[in-house]
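Asker: The structure under discussion is supplied below as structure tokens; questions concerning it will follow.
The values are calculated or read from the model by the stated rules, or taken from the named source; none is laboratory data. For clarity, every value in this text was computed on a predicted model and none was experimentally measured. As a convention, Cβ positions derive from the backbone with ideal geometry for all residues, glycine included, and neighbour counts pool all protein chains shown. Heads up: the accessible areas ignore ligands, DNA and RNA and are worked out on the full protein's heavy atoms, side chains in. Shrake-Rupley method; radii C 1.70, N 1.55, O 1.52, S 1.80 Å.
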Amino acid sequence: MSASGFLRALRAEGLTVVEVGDWRTHNRNSKGAWGPVHGVMIHHTVTKGSARTVGLCRKGYEGLPGPLCHGVITKDGRVHLVGYGRANHAGLGDDEVLRAVIAEKALPKDNEANTDGNARFYGFECENLGDGDDPWPEAQLEAIEKAAAAVCRHHGWNQRSVIGHLEWQPGKVDPRGFTMASMRERVRDRLK
């Protein structure tokens with residue numbers, strides 16, 4: 001999918017999309033491959049404040065340059081596009097999980113970090129403190145559902161192509177505050 005196709009797919013799913021700077025060419029492609037892409041990964045940001053969150057995800061920070069995802073989903077349900085191509089969001093994860101995503105089967109427990117996820121997943125960072133107490137407004141949950149469904153619809157994938165960072169890399173906890181099983185059910189229903 002091209003950057004323009006990504007934008008079209010998100011808008012066609014009914015999302016409000018904000019284009020941030022040179023997002024279409026802002027990537028980490030010089031550091032490695034992006035693709036073939038096999039799924040969508042959902043994260044929480046551990047941040048508060050939409051402008052700060054979007055800026056951080058676009059620019060990154062010392063030791064981890066941006067973009068840190070493709071789209072930032074803020075609490076108001078808007079999707080801010082900050083990059084397209086390889087992004088520093090998934091890190092190393094479990095090759096068995098990747099095989100399950102490709103086969104669209106139930107995920108095994110992630111127990112190793114041996115495969116480059118930045119090359120294989122679209123990433124959406126979702127504004128939330130990730131403490132289990134910060135609320136997830138319905139507008140934001142619906143936007144996560146729509147964004148994941150938009151990518152799946154374009155590629156002909158089902159809901160099993162949508163995973164959380166916690167399902168990919170041992171030790172990760174994001175997203176915290178809703179279950180990926182419940183989000184996959186939402187994506188499945190939207191794709192029907």
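Asker: Work from the charge dipole of segment 131-171 (Cβ charges, +1 for Lys and Arg, -1 for Asp and Glu, about the Cα centre) and give the residue of HIS155, TRP136, PRO170 farthest towards its positive end.
Answerer: Going by the charge dipole, the pick is HIS155.
Asker: Let me ask you something else. Return the subset of LYS48/LYS105; LYS48/LYS192; LYS105/LYS146; LYS59/LYS105 for which the Cα-Cα distance in this structure is over 31 Å, preserving the input order.
Answerer: Long pairs (Cα-Cα over 31 Å): LYS48/LYS105; LYS48/LYS192; LYS59/LYS105.
Asker: Follow-up question, since we're still on this one. With a 1.4 Å probe and every protein chain left in place, tell me how much accessible area ARG153 has, in Å² to the nearest 10.
Answerer: Approximately 110 Å² for this residue.
Asker: May I pose another question? Report Rg (one decimal) and Dmax (nearest whole number) for segment 97-192, counting Cα atoms only, units Å.
Answerer: Rg then Dmax for segment 97-192, in Å: 13.1, 35.
Asker: Another question, then. Measuring from label point to label point, each 7 Å out along Cα→Cβ, what is the ASN111 to ALA51 span in nm?
Answerer: Result: 4.8 nm between the two label points.
Asker: Using Cα centres only, tell me the gap between segment 87-145 and segment 5-80 in whole Å.
Answerer: 13 Å
Asker: What number do you get for segment 44-85 when its Cα radius of gyration is normalised by 2.2 N^0.38 Å, N = residues?
Answerer: Output field value: 1.06.
Asker: Please find, in a Gaussian network model of the chain (springs between Cα atoms separated by less than 10 Å), the residue of ALA119, ALA90, ALA103 whose mean-square fluctuation is greatest.
Answerer: Highest fluctuation among the options: ALA103.
Asker: Apply 1/(1 + (r/R0)^6) to the Cβ-Cβ distance of GLU19 and ASP189, taking R0 = 30 Å, and write down the FRET efficiency to the nearest 0.05.
Answerer: The computed FRET efficiency comes out at 0.55.
Asker: Which percent of the accessible heavy-atom area of the chain goes to carbon and sulfur, probe 1.4 angstrom?
Answerer: 49 percent
Asker: Turning to a different aspect of this structure: Residue-wise, which Karplus ³J(HN,Hα) couplings in Hz belong to segment 121-134, taking 6.51 cos²θ - 1.76 cosθ + 1.60, θ = phi - 60°, and x for glycine or proline?
Answerer: Running phi through 6.51 cos²θ - 1.76 cosθ + 1.60 with θ = phi - 60° gives 10, 6, x, 10, 8, 10, 4, 5, 5, x, 9, x, 9, 4 Hz.
Asker: I'd like to check one number: the per residue accessible area of segment 123-192, probe 1.4 Å, reported in Å² as a whole number. Intermediate values should be presented prior to the final figure.
Answerer: Values: 2910 Å² over 70 residues.
That works out to 42 Å² per residue.
Asker: Seen from all sides and averaged, what is the projected area of the convex hull of the Cα atoms in segment 23-99, in nm²?
Answerer: Numbers: hull surface 22.7 nm².
Here the figure is 5.7 nm², rounded to one decimal.
Asker: So how long is each side of the chain along the principal axes, counting just the alpha-carbon atoms, biggest first, in Å?
Answerer: Largest first, the chain extends 36, 36, 34 Å along its Cα principal axes.
Asker: Work out the length of the dipole vector of segment 1-160 about its Cα centre, built from +1 on the beta-carbon of each Lys and Arg and -1 on the beta-carbon of each Asp and Glu, and round it to the nearest 20 debye.
Answerer: 600 debye
Asker: Under 16 Å Cα to Cα from LYS109, which aspartates and glutamates show up? Leave out anything in the same chain fewer than 8 places away.
Answerer: Of all the aspartates and glutamates, those that pass the test against LYS109 - Cα under 16 Å, at least 8 places apart if same chain - are ASP94, ASP95, GLU96, GLU167, ASP174.
Asker: Can you tell me, using C-alpha contacts under 8 Å and at least 6 residues apart, the relative contact order of the chain as a whole percent? List each step's numbers first, then the result.
Answerer: Details: 422 pairs, mean separation 54.5, N = 192.
Over the chain, the number comes to 28 percent.
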